[in-house]
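Where a number appears in this text, it was derived from the coordinates with a stated rule and is not lab data. These numbers come from a predicted model, not from an experiment. Glycine also receives a Cβ, built like all others from the backbone with ideal geometry; neighbour counts cover every protein chain displayed.
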Amino acid sequence: MIKSKPRPTFAPSTQIDMPKAKPIAKESSTEEKIKEAARKLFTQKGFAATRTRDIADEAGINLALLNYYFRSKQKLFDIIMMENFRQFIHGISFNFQDKTLSLEQKIEKVVSMYIDFLTANPDLPLFILTELRNNPDQLAASIEGEIGETRTELFAQLKVAHAAGYIGIEPSHLVANLFGLTVFPFVARPILQKVTGADDTQFNNLMQQRKELIPIWIKTMLQPPKPTK
C-alpha cells in the first residue's frame, strides 16, 4: 500500500502572508535609516544648511527613494523636530505625573535623566532653541499640543505647593531655574569649556557632579522665606 504524504501542518493562509513580511520590514528599516540620517544632519547643521541630497548620502540611499518616503525636506524635518522635542520633554512629563514621588524626588529624577540624555545628545538643546527662534510661528502650534497636558499637570502641582506655603518660590521661577541649571551648561558648552579649560571628559564629569548639586540648590530655593521679626 502506498502511504499518502502527510498534510502540511500550517494553514494555507500562512503561506500567502509570509512573503509580505519582508518588504514591510525592509520599508521600516529604510524609513528609520533615513530618519536617523536626517536627525544627525538637522541637529548638527540646522534645517537651512541641510540638503536632501546630504540626507540621502548619509543614509546610503538615492534621492528618489528619500522623496518616495518623505516627499519633502520640510515634512521630514517636521517629523524629526517633533520626535526630538518629545524626547526633550519626556522626562518632565513622565516624572511629574508620577504621583508616588515627592516634589524633591521628581526634581532629582528630572535632573538626572536630563543630564544623562543631554550628555548622549549634546547638540540637541541648541538645535531645538535655534529652530524655535527661526520658525516660532510654524512650530508653536505643534509644540503646544505636545506640552499642554504636561505643563498643566506640572504647574497645578507647583501652584498648590506654593499656595500652601510648602515652597517659597513662584512656579515659573522654579521651572526657569530648573531648566537653566540643567540645560544651559550644554547650550553654552563651547564657552564653558574655553573659560574653565575643561576637555570633553572633564566637562562630562562636571555635568555628572551636577546631578547631585542641582537638586540641593533647587531644594534651597524651595524653602519658604523665614518670617521677619
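Over all projection directions, the Cα-based convex hull of the range 78-229 averages an area of 10.9 nm².
With a cut-off of 13 Å between beta carbons, the residues surrounding Lys219 carry a summed charge of -2, where Lys and Arg count +1 and Asp and Glu -1.
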